[in-house]
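Taking it in order: structure first as C-alpha cells, then the write-up.
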2 protein chains.
Amino acid sequence: MTDNNEIYKEIATRIYNLDTKVYENVGSSLGRTFIGTPEKCINDLIRLLCSDNQSYTLRSEMALVANMARTIRDKKVRNTLMREYNNILQLIQANKSSFTSVDILSTDLARLNSSAVKNRISKNDHLIICISRSHGSAGADIGFALADKLRINYYDVEVLNELFKRIDEKKDIDWDATPTDDPLAVSARNISAHHSRLRDFSRYHGLPKADAAFFTESTLLCEMAAKEDFVVIGRCADTILSNNHIPHISIYITAPFEARAKRMMEADNISFKTALKQLIKIDRKHERFYRKYTGKKWGSAINYDLCINSAAYGIDEAVELIMRIINREAK
Amino acid sequence: MTDNNEIYKEIATRIYNLDTKVYENVGSSLGRTFIGTPEKCINDLIRLLCSDNQSYTLRSEMALVANMARTIRDKKVRNTLMREYNNILQLIQANKSSFTSVDILSTDLARLNSSAVKNRISKNDHLIICISRSHGSAGADIGFALADKLRINYYDVEVLNELFKRIDEKKDIDWDATPTDDPLAVSARNISAHHSRLRDFSRYHGLPKADAAFFTESTLLCEMAAKEDFVVIGRCADTILSNNHIPHISIYITAPFEARAKRMMEADNISFKTALKQLIKIDRKHERFYRKYTGKKWGSAINYDLCINSAAYGIDEAVELIMRIINREAK
C-alpha cells in the first residue's frame, strides 16, 4: 500500500504537471482540466487512483487532457506532451489493475475466431467463412462474390443438396476402388458410410429425416474443413464448426427491413405486400432452424464474430470489407 | 427476346463445355455437374437462364463447376478453366438482370458510412467513429484505446459532461473577446448561446431538462464533427450525425452475457448475482435512452454499420480490427 501510494503520488503529480503545460500551450480559457491549488488537485488525483471503481472517471480526465493537448499547434511541443501523456497512461496501466486491464476476451471464442489478428490458429487450419444472413440482405450474393474473389469454394444449401444427391446416386459404388486423392470421393465415401449408419440409426431409433440430414451435413462440413478453404452460407455452419473446435469466422449479414423488401420487389418483381409476407415467413423459418439445431437466437449479435449491415455497404463493398477483416488480398 | 435466346444458348453451351472439360481433368466420379445428353443439358441450362426466379439455382450450379475446377492439380489447365468460368460469369451478369445484379445498397445509408471502400465522403469530412456498446462489453475501453492509437479525440459521457460544466462556468465571460482560433472556445460560445436559447425555450415551453441537455449535446457533436476527428461513446451519436447528414462509422460492440458478467465480477470485485442485476439494469437504461431519442431499437444489427463481438477479439484485437475496417494504419 505504501509502495502504491508513492507511485500514485508520482503519477498524480505528473498528470497535474502535464495539464499545466498543456494549458500554457493551448491558451484556451477552457484548457485546464484540474482547477484549484496544486495540493488539492494532486490529492484528488491520488484519491481517483486509489479508488477501485472510479477508473472511468480517471480515464475521462486523461482523455480531456489529451484532447486538449492534440490542439497544440507547435508540433514539437505537442509531440513532447503527447509522449509524456503516453508514458503516464502506461504507468497507470502498469500500476492500477482496474484501469482497462480487465479484458473482455473469451479465450474459447477467440481461439476459434480466425479473423483475429494474432496468429492463434495454426498454419494447417483452412480459411473458413461462415455467413448467416437474413432473407433479402444479399448475404448469399456477398458470399458468392467473396468466394470468387478469394478463389475458394462456395457452399450453400443448393450446392450441398446437389452434393448429397450425387453421393446418394453413387452410394452403391465400390468406394474402395476410387482414388484416395480425390477429395470429394473421400468425403463421399465417408458420407456414404455415415448415411448408411444414419439410415440404420433412423430405422431403429426413429430419428426424424431432417435431423439425419442435418447430422450428415455436419459430418460433411467438418470433413471439408479439414481439407479446403471455403465460404458456407447458412446451415448453422458456425455452430457446427465451433462444436467441433474448428477455427472459422462467423459473420451475420442483415439490412433494414425496408431495404430488404425493396430489393426483393426489384429482384422478384413482386409487390411490397408480397415481399413483406415472404420476408417474415423466411426469416421465421431461419430462426426456427437455427434455434432447433443450435439452441441459440438467430441474428443476435452475440452469436457471431461480426455483423454487417449490407445496406450500408452494398455487395461489392461488403466483399471488400470482409477481405480487410480477414486480412487477405484478392488473389 | 430472340437476341437473348441466342446469347443464352451461347452461355449454356459454354457452361456445358466447361463442365465437360472440368470433369475430364478432375477425373472424380462425382465431377460432373450436368448429367444427360448435351442437348438435354444445354436446354435445361437455357431454361434456367430464361427463368427470372431461378438465378439462385444457376449460381449454385456454377459454384459446383467452379468448386470442382479448383481441385484440378495441373495449374495451367486450372487457370485456363477458371478464366473461362470467370468469362461466363461476367457474360451472365451482363445479360441476366436477376443474377446478383440487384444490389442491397441503400444510398442513404452508404453515403454516410465512412468505412465504405469507395471514396464517397469528401476529403473535408472528418473521421468520426461512433461506438455504442452493451454494458460490460469493454466498448468504451476499445474506443479509448482506438482514439489513442489513431491519435484522435475521445468523448464519452463524462468527458462531455465535464465540457458542459466548464462551458457553464464560463457562460458569463465575453465570448467575443476570446480568440476565434481556439476550437473549444468557438464551440463553447455557440453552446453557450444555444444554452441560453434552450433555457428560454425550456422556461416557456416546458422542455424537460434531460431533453434540453440532449439537444445541447447534439449541437456540440455536430460542431465538433465539422472541426475534428474523434471517437464518441454512446449518446446516440450515430443517429444525431445521420440526422445531420454527417458521415461517420457506427459500430455496436457487445459480447455474450456470461462474458460480460464475468468481466464485471473481475473489474468491480462483485458477485455474479450483483453483476447480473447491474447488467440487466444498465442495458435497459441504455435501451430506453436510445429508443427515446432515436425511436430505434438499441443493439439491433440493422441500426449500425457493423457489430463486433468483443469477447471473440478482446480489447487489443478489436482495436486492430476496427483499424482494418476503416482502412487506417496506426499513427
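The values are calculated or read from the model by the stated rules, or taken from the named source; none is laboratory data. Bear in mind that the values here come from a model prediction, so they are computed numbers and not experimental data. Ideal geometry is used to build each Cβ from the backbone, glycine not excepted, and the neighbour counts take in all protein chains shown. Keep in mind that these areas ignore ligands, DNA and RNA; they rest on the heavy atoms of the full protein, side chains included. Shrake-Rupley method; radii C 1.70, N 1.55, O 1.52, S 1.80 Å.
A few notes on this one:
- Among the criteria (1) surrounded by fewer than 23 Cβ atoms within 10 Å (Cβ to Cβ); (2) closer than 28 Å to B:Thr107 by Cβ; (3) within 11 Å of chain B (Cβ to nearest Cβ); (4) not charged (D, E, K, R), the one A:Leu321 does not fulfil is (1).
- Meets criteria (open to solvent by 40 Å² or more (accessible area, probe 1.4 Å), touching a residue at least 12 places away in the same chain (Cβ under 8 Å) and not aromatic (Phe, Trp, Tyr)) for B:Lys277: no
- Test: residue in the range A:301-309 that is closer than 23 Å to B:Ala312 by Cα and more than 18 Å from the chain's Cα centre (by Cα): no
Let's see how each residue does on (1) facing another protein chain (nearest Cβ under 8 Å); (2) under 30 Å from B:Gly136 (Cα atoms); (3) out of contact with any Cys (no Cβ under 8 Å at 6 or more places or on another chain):
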residue: A:Lys9; (1), (2), (3): no, yes, yes
residue: A:Ile46; (1), (2), (3): no, yes, yes
residue: A:Ala66; (1), (2), (3): yes, yes, yes
residue: A:Ala69; (1), (2), (3): no, yes, yes
residue: A:Lys76; (1), (2), (3): no, no, yes
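- Single unsatisfied condition, A:Ser300 versus (1) open to solvent by 40 Å² or more (accessible area, probe 1.4 Å); (2) in contact with a Phe, Trp or Tyr (Cβ under 9 Å, 6 or more places away or on another chain); (3) without any contact (Cβ under 8 Å) to a residue 60 or more places away in the chain; (4) more than 7 Å from chain B (Cβ to nearest Cβ): (1)
- Output for the range B:271-314, where each listed residue is in a loop (DSSP other than H, G, I, E, B) and within 22 Å of A:Leu306 (Cα to Cα): B:Lys296, B:Lys297, B:Trp298, B:Gly299, B:Ser300, B:Tyr304, B:Asp305, B:Tyr313
Let's see how each residue does on (1) on the phi > 0 side of the Ramachandran plot; (2) away from chain B (no Cβ under 11 Å); (3) of a type in the set (D, E, K, R); (4) without any contact (Cβ under 8 Å) to a residue 24 or more places away in the chain:
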position: A:Glu228; (1), (2), (3), (4): no, no, yes, no
position: A:Arg235; (1), (2), (3), (4): yes, yes, yes, no
position: A:Ile249; (1), (2), (3), (4): no, no, no, no
position: A:Ile282; (1), (2), (3), (4): no, yes, no, no
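- Applying the criterion of being at pLDDT 90 or above and more than 19 Å from A:Asn79 (Cα to Cα) to the residues of the range A:9-37, the residue that is most open to solvent (accessible area, probe 1.4 Å) is A:Lys9.
- Whenever a residue of the range A:81-106 is more than 18 Å from B:Lys149 (Cβ to Cβ) and within 10 Å of chain B (Cβ to nearest Cβ), its partners that are modelled with pLDDT of 80 or more and open to solvent by less than 40 Å² (accessible area, probe 1.4 Å), lying with C-beta atoms within less than 6 angstrom and at least six residues away or across chains, give the pairs A:Ser98/B:Ala267; A:Val102/B:Arg263; A:Val102/B:Ala267; A:Ser106/B:Ala259; A:Ser106/B:Ala311.
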